[in-house]
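The values are calculated or read from the model by the stated rules, or taken from the named source; none is laboratory data. Just so it is clear, the model here is predicted, and its values are computed rather than measured. Positions of Cβ are backbone-derived with ideal geometry, glycine not excepted, and every protein chain shown enters the neighbour counts. Heavy atoms of the whole protein, side chains included, go into the accessibility calculation; ligands, DNA and RNA do not. Shrake-Rupley method; radii C 1.70, N 1.55, O 1.52, S 1.80 Å.
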Amino acid sequence: MGYRVVVVGATGNVGREMLNVLAEREFPIDELAAVASPRSTGDEIDFGESGRTLKVRNIEHFDFAGWDMALFSAGSDVSRTYAPKAVAAGCVVIDNSSFY
């Protein structure tokens, strides 16, 4: 059984490294969402060196309901706004910003 994982800030350097580590360590993932700002919506990014690509989703419209965990690395303002929404939806949040 794998997890449903969200990487918020997936197009930034730290977000890409989170994706690399998840792929490299073969973290048990059933579904993975790459989430970022509206300007990155629709872009495709690599899931480490797994050969898989992910289409970036818009944080402003993302529904955290049903996701197991969210790894945040998009800055304090994003964490302040969206981390509480993810928690309220039942998602475990790990925040890499200075906000928490």
DSSP beta bridges in the chain [antiparallel fraction, %, rounded to 5]: 15 percent
Heavy atoms only, probe 1.4 Å: what % of the accessible area of the chain goes to carbon and sulfur, would you let me know? 47 percent
Viscosity 1.567 mPa s, temperature 4 °C: Stokes-Einstein D of the chain from its Kirkwood Cα radius, in µm² per second? 98 µm²/s
Would you work out the charge dipole size for the chain about its Cα centre, treating the Cβ of every Lys and Arg as +1 and the Cβ of every Asp and Glu as -1, and quote it to the nearest 20 debye? 240 debye
How much length is gained on full extension from Ala89 to Arg39, taking 0.36 nm per residue of separation minus their Cα-Cα distance? 15.5 nm
With a probe of 1.4 Å, find how much accessible area the chain has per residue, and write the answer as a whole number in Å². 57 Å²
Calculate, for Thr53 and Thr81, the FRET efficiency according to 1/(1 + (r/R0)^6) with r their C-beta to C-beta distance and R0 22 Å; round to the nearest 0.05. 0.20
